[in-house]
1. With all protein chains present and a 1.4 Å probe, how do Glu68, Glu15 order by accessible area, largest first?
2. Give the ranking of Met57, Met1 by solvent-accessible surface, highest area first, calculated with a 1.4 Å probe.
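The values are calculated or read from the model by the stated rules, or taken from the named source; none is laboratory data. All figures in this text were calculated on a predicted structure; none of them were measured in a lab. Side chains included, ligands, DNA and RNA excluded: accessible areas come from the protein's heavy atoms. Shrake-Rupley method; radii C 1.70, N 1.55, O 1.52, S 1.80 Å.
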Amino acid sequence: MRVNGPELVSAYYGESEAAISKVFQDALLQPSIIFIDEIDSIAPSRESLTDQASSDMETRIVATLLSELDNLE
């Protein structure tokens, strides 16, 4: 599966997390390899985070991504 990172990021609360979870749920339907292109749009470097709102959003998105990765078999 090829996923573009910027397509997963939404300005609305919870939509980015839901999009990431959906990618992994779809991957469970059959043996899959997930390739996330431009993953830096999901998890930019810490130096690029300037305000608290961006930081909170990025933290939630990265936490969701790590949680989904942790649940892989």
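1. Largest accessible area first, the residues go Glu15, Glu68.
2. Met1, Met57
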